[in-house]
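Inspection log for the structure reproduced underneath, given as structure tokens.
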Amino acid sequence: MANKESDFLRTLYQNWSERMAADPEMSIEGLRALFDEWGKATLEAEGVCYKSDTVGGVDAIWALPVDADKAKVLIFTHGGGFAVGSADSHRKLAAHFAKALGANCLVLNYRLAPEHPYPAQIDDVVAVYKALLAQGISAENISTIGDSAGGNLAISSVLKMRELGLALPGSVIAMSPWIDMETTGVSLQSNAATDALVSAELLAGMAGMFLGESASASDPLTNPLYADFKDYPALYITAGSVEALLDDAVRIHEKAEESSVNTVLSIVEDMQHVFPFMAGRASEADAEIEKIAVWYKAL
């Protein structure tokens, strides 16, 4: 069972769900203000500084551990259904990963839907990646990392890099990735009663904003379940056992396995969507980040 500290995230999600239900016509600005509370779950990481920057034309926040290997960079894409969330909401989570992995982490304020539908988000990640390469950071020392919709971007942006003929990052880390824009995962129903935030209805609305009028829910770059993972980098996927998007994590892991990708799937019991958000607060989050750090350093 989840302990008292790890119940913080479920309580936060339940509060959001109640506020959204009370205001079904909540504006996109209201939703963004709501989801910027995400960072409340995360305690500050010690020994990490922050720096605002613009890289490849994209506004971002650097999380800079004092003892990081400056040659290694994590490109962090935040969650929020491609429409909400920000570098501010995720900077503390990014700091914990940066510190544990011993790398600098760049948290992107990529363009958001519905003002900027697909492919704006992937284009921003690729622009940042190219800029880092141009600065002399080697491809194998760059990793993409993200949660929820940002987990999709962490995965799909690398598919786009491969399509463009770029040298690929050394690894990809996806937390509770939202992969399936067609929302067909069985856990959307089987875990509907235990997930305090994510529902099929919420995802359908977010998918509509992300895809806009022209993108397809079966495009491999919007829905990597349709992608070919040949020659894909090492991939780590983590998810909570009670979350509605569990099946997306399982299926993308199986899809990568079919192409012999070095892929790891870690499912943690009784955890909610993007449970690493409780870094510094809950032992389950800290243990999973450390597990990812061990995997990353062994590559």
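Among all positions in segment 192-214, there is no residue which is without any contact (Cβ under 8 Å) to a residue 40 or more places away in the chain, under 27 Å from GLU140 (Cα atoms) and not acidic (Asp, Glu). I'm trying to understand the selection: among the residues of segment 1-36, which are assigned to a loop (DSSP other than H, G, I, E, B), open to solvent by 70 Å² or more (accessible area, probe 1.4 Å) and closer than 26 Å to GLU269 by Cβ? Across segment 1-36, the qualifying residues are MET1, LYS4, GLU5. In the set (1) of a type outside the set (A, V, I, L, M, F, W, C); (2) open to solvent by less than 20 Å² (accessible area, probe 1.4 Å); (3) under 26 Å from LYS72 (Cα atoms); (4) assigned to a helix (DSSP H, G or I), the condition left unmet by SER266 is number (4).
Quick grid of which residues meet (1) buried (at least 22 other Cβ atoms within 10 Å of the Cβ); (2) farther than 30 Å from TYR13 by Cα; (3) charged (D, E, K, R); (4) in contact with a strand residue (DSSP E or B) (Cβ under 8 Å, 6 or more places away or on another chain):
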| site | (1), (2), (3), (4) |
| --- | --- |
| ILE142 | yes, yes, no, yes |
| GLY165 | no, yes, no, no |
| SER199 | no, no, no, no |
| GLY205 | no, no, no, no |
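Filtering segment 232-249 for residues that are open to solvent by 50 Å² or more (accessible area, probe 1.4 Å), in contact (Cβ under 8 Å) with a residue 60 or more places away in the chain and not hydroxyl-bearing (Ser, Thr, Tyr) leaves an empty set. Of the residues making up segment 1-40, those that are in contact with a His (Cβ under 8 Å, 6 or more places away or on another chain) and among the small types (Gly, Ala, Ser) number 1. Return the residue satisfying two criteria in turn: it lies in segment 169-195 and is crowded, with 19+ Cβ neighbours inside 10 Å and among the hydrophobic types (A, V, I, L, M, F, W, C), and of such residues it is farthest from the chain's Cα centre (by Cα). So, considering only residues that are crowded, with 19+ Cβ neighbours inside 10 Å and among the hydrophobic types (A, V, I, L, M, F, W, C), the one farthest from the chain's Cα centre (by Cα) is LEU188.
The residues in segment 86-113 that are under 22 Å from GLU37 (Cβ atoms) and either hydroxyl-bearing (Ser, Thr, Tyr) or open to solvent by 10 Å² or more (accessible area, probe 1.4 Å) (or both) can be counted, and the count is 10.
When TYR226 is tested against (1) in contact (Cβ under 8 Å) with a residue 40 or more places away in the chain; (2) in contact with a Pro (Cβ under 7 Å, 6 or more places away or on another chain); (3) within 21 Å of GLU258 (Cβ to Cβ), just one condition goes unmet, and that condition is (1). When restricted to residues that are part of a helix (DSSP H, G or I) and either touching a Pro at 6+ places or on another chain (Cβ under 9 Å) or surrounded by fewer than 24 Cβ atoms within 10 Å (Cβ to Cβ) (or both), segment 269-285 contains 3.
Just to be sure before I move on: is ASP219 buried (at least 19 other Cβ atoms within 10 Å of the Cβ) and over 19 Å from PHE275 (Cα atoms) in the structure I sent? Against the criterion (buried (at least 19 other Cβ atoms within 10 Å of the Cβ) and over 19 Å from PHE275 (Cα atoms)), ASP219 does not qualify.
Can you confirm whether segment 114-129 contains a residue that is modelled with pLDDT of 95 or more, under 17 Å from ASP53 (Cβ atoms), surrounded by fewer than 18 Cβ atoms within 10 Å (Cβ to Cβ) and acidic (Asp, Glu)? Among the residues of segment 114-129, not one is modelled with pLDDT of 95 or more, under 17 Å from ASP53 (Cβ atoms), surrounded by fewer than 18 Cβ atoms within 10 Å (Cβ to Cβ) and acidic (Asp, Glu), which makes the answer no.
Residues are listed down the side, and each one gets a yes or a no for (1) among the charged types (D, E, K, R); (2) under 23 Å from GLY212 (Cβ atoms); (3) modelled with pLDDT of 95 or more; (4) touching a strand residue (DSSP E or B) at 6+ places or on another chain (Cβ under 7 Å):
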residue	(1), (2), (3), (4)
ARG19	yes, no, yes, no
GLU29	yes, yes, yes, no
ASP36	yes, no, yes, no
LEU43	no, no, yes, no
GLY47	no, no, yes, yes
LYS51	yes, no, yes, yes
LEU74	no, no, yes, yes
ALA83	no, yes, yes, no
HIS90	no, no, yes, yes
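The values are calculated or read from the model by the stated rules, or taken from the named source; none is laboratory data. Computed from a predicted model, the values in this text were never measured in an experiment. Because the Cβ atoms are built from the backbone with ideal geometry, glycine has one as well, and the counts that use them run over all protein chains shown. Keep in mind that these areas ignore ligands, DNA and RNA; they rest on the heavy atoms of the full protein, side chains included. Shrake-Rupley method; radii C 1.70, N 1.55, O 1.52, S 1.80 Å.
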